[in-house]
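> Here you go, one structure.
The values are calculated or read from the model by the stated rules, or taken from the named source; none is laboratory data. A quick note: this is a predicted structure, and the numbers were derived from the prediction, not measured. Quick reminder, even Gly has a Cβ in these numbers, built from the backbone with ideal geometry, and neighbours come from all protein chains shown. In case anyone asks, the SASA skips ligands and DNA or RNA and just uses the protein heavy atoms, side chains included. Shrake-Rupley method; radii C 1.70, N 1.55, O 1.52, S 1.80 Å.
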Amino acid sequence: MSEQLAGGCACGATGYRLKSAPMFVHCCHCTACQTETGGAFVINALIESDRVETLAGVPEPVMTPSESGRGQQIWRCPVCRVALWSNYGGAADMLRFVRVGTLDEPGRLTPDVHIYTRSKLPWVRLPEAAPAFEAYYDRKQMWPPESLARLAALFG
Ligand SMILES: [Zn+2]
Ligand SMILES: [Zn+2]
């Protein structure tokens with residue numbers, strides 16, 4: 001990636017930048033994401049937490065239900081409460097799901113996969129070539145080898 005991706009909340013109290021490209025990008029159509037965002041889906045860029053540099057503010061974690069039932073910590077601006085990223089499954093803050101809509105240029109990341117399409121809103125039409133799954137998917141089949149290696153390095 002030629003230029004690093006940067007983003008932040010709505011009020012400007014928090015800001016961040018990604019030190020590299022993400023490992024993978026999800027577009028999640030699950031009912032939990034719909035409820036949390038008030039939208040049709042959420043777009044999450046999966047990246048190592050230490051590759052997310054906070055430029056301003058200190059985001060605060062809020063424990064929130066997730067589709068898996070294990071919950072997720074959503075990190076929010078302490079002032080405007082906009083969600084910047086989350087960690088899933090009660091894991092330590094090692095892997096972040098950065099909300100692509102909070103990037104200054106969200107169009108620079110395209111979803112690599114659409115998940116939980118079983119609850120996709122009926123009027124949402126997915127691009128024909130886009131991989132889509134009723135629920136979750138097999139990471140080993142879908143992720144590029146470099147990204148799998150990054151994930152293994154993170155949790156290995
Ligand atoms: Zn804010
Ligand atoms: Zn979801």
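> With every protein chain kept in place and ligands, DNA and RNA left out, what is the accessible area per residue of region 23-121? Probe 1.4 Å, answer in Å².
Ligands and nucleic acids excluded, the figure is 42 Å² per residue.
> Starting from the amide H of LEU5, placed 1.01 Å from N in the peptide plane, find each other amide H under 5 Å away whose residue is 5 or more places distant or on another chain.
LEU18
> What part of the accessible area of the chain, given as a whole %, is carbon or sulfur when the probe is 1.4 angstrom?
Solvent-exposed carbon and sulfur of the chain make up 54 percent of the total.
> When all C-alpha to C-alpha distances in region 1-73 are sorted into bins of 5 Å, what percent of pairs does each bin hold, rounded to whole numbers?
3, 13, 18, 24, 23, 15, 3, 0
> Normalised radius of gyration for region 50-137, please: alpha carbon Rg relative to 2.2 N^0.38 Å, two decimal places.
1.22
> Using a Förster distance of 30 angstrom, determine the FRET efficiency expected from the C-beta separation of GLN4 and LEU126, and round it to 0.05.
0.60
> Still on this structure, I have one more. Looking at the chain, identify the longest residue range that excludes and avoids all GluC sites (Glu not before Pro) in DSSP loops having at most 10 other Cβ atoms within 10 Å.
After excluding every exposed loop site, the longest remaining stretch is 4-127.
> Determine one quarter of the surface area of the Cα convex hull of the chain, which equals its mean projected area, and express it in nm² to one decimal.
Reported value for the Cα convex hull: 9.2 nm².
> What are the ³J(HN,Hα) values, in whole Hz, obtained from phi via the Karplus relation 6.51 cos²θ - 1.76 cosθ + 1.60 with θ = phi - 60°, for each residue of region 121-138 in sequence order, with x given for Gly and Pro?
Going residue by residue, I get 5, x, 8, 7, 9, 7, x, 4, 7, 6, x, 9, 10, 4, 10, 8, 9, 8 Hz, with x marking Gly and Pro.
> Continuing with this model, one more query. Given DSSP loops and a limit of at most 11 other Cβ atoms within 10 Å, what is the longest stretch of the chain that contains no such trypsin sites (Lys or Arg not before Pro)?
1-69
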